[in-house]
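To keep things clear, I will list the structure first and then write my remarks on it.
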Amino acid sequence: MKQGRALILFLIPIILIIGYILYTINWNIVNDKTKHNISYTKVDQQGAQLKQDPHLLLISSELGINVSDLNLAMVDTLPGTGYSQATGVFISPNTISIKKGQSIEDTRKVFAHEYAHYVYSRSVVSKETIENNYNIYLNDSWLNERLNQYKDCDKLCISDEVHSYSCTTTLSNLLDEEYNNYCNSIIPNRSLLF
């Protein structure tokens, strides 16, 4: 019995290391494809062609996010953000572009953040939600500093950013159970972001 337990304790780290190596190899293969601008093309429910970067498809799958109606692009330069530090952008109605050259962890976080913008854009947002999110912004120094770059952002814009940051950063630890459950419903495996 003790030998079996010792064998298991010996094998667990080896299995974890092998799993990490295989994951890294898969990441590098997919990342290499994106360097050469390889993407998958598919047709959405309305018959429109979608381009989906395999790197972002892998990330969406890891996070448990359905991207069947989204264009997903890895790009050298982000289109029309106007913010020098931007690493991703959601372009309405259905495109997420992520800047190349980031680590897998950063790419995952940026992708999830932009996906949260997509979800917000498709929601009917009540005045109460806008006010609640705006109050979170007013009372959180980190968000105030982070959103300082958005000079022309009104309450609706701030609410959208608070929504996206709340579901994709450690800020979610400060949210009530209902909001955390909501965030988990739109990004099922969001624990990968922390």
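The values are calculated or read from the model by the stated rules, or taken from the named source; none is laboratory data. All of these numbers come straight from a predicted model, not from anything done at the bench. Positions of Cβ are backbone-derived with ideal geometry, glycine not excepted, and every protein chain shown enters the neighbour counts.
Out of Glu131, Glu114, I need the residue that is touching a helix residue (DSSP H, G or I) at 6+ places or on another chain (Cβ under 9 Å), of a type outside the set (A, V, I, L, M, F, W, C), at pLDDT 95 or above and part of a helix (DSSP H, G or I). Which one? Steps first, answer last, please.
Working: Glu131 fails: at pLDDT 95 or above.
The unique qualifying residue is Glu114.
Assess whether Glu177 counts as being in contact (Cβ under 8 Å) with a residue 40 or more places away in the chain, of a type in the set (Asp, Glu) and either loosely packed, with under 13 Cβ neighbours inside 10 Å or out of contact with any His (no Cβ under 6 Å at 6 or more places or on another chain) (or both). First the steps, then the outcome.
Details: in contact (Cβ under 8 Å) with a residue 40 or more places away in the chain: no; of a type in the set (Asp, Glu): yes; either loosely packed, with under 13 Cβ neighbours inside 10 Å or out of contact with any His (no Cβ under 6 Å at 6 or more places or on another chain) (or both): yes.
So Glu177 does not fit the description; no.
Which condition from (1) more than 16 Å from the chain's Cα centre (by Cα); (2) charged (D, E, K, R); (3) surrounded by 17 or more Cβ atoms within 10 Å (Cβ to Cβ); (4) under 21 Å from Leu72 (Cα atoms) is the one that Arg122 breaks?
(3)
Take the stretch 35-66 and flag every residue that is assigned to a loop (DSSP other than H, G, I, E, B) and either at pLDDT 90 or above or under 20 Å from Lys99 (Cα atoms) (or both).
If we filter the stretch 35-66 for residues that are assigned to a loop (DSSP other than H, G, I, E, B), which is where we start, we get 36-39, 44-48, 53, 64-66.
If the condition is that a residue be assigned to a loop (DSSP other than H, G, I, E, B) and either at pLDDT 90 or above or under 20 Å from Lys99 (Cα atoms) (or both), then His36, Asn37, Ile38, Ser39, Asp53, Gly64, Ile65, Asn66 are the ones that fit.
Under 9 Å between Cβ atoms, which residue pairs at least 6 apart in sequence (or on different chains) link something in the stretch 102-126 that is without any contact (Cβ under 8 Å) to a residue 12 or more places away in the chain with a partner that is of a type in the set (A, V, I, L, M, F, W, C) and surrounded by fewer than 23 Cβ atoms within 10 Å (Cβ to Cβ)?
Every condition considered, the pairs that remain are Glu105/Leu192; Glu105/Leu193.
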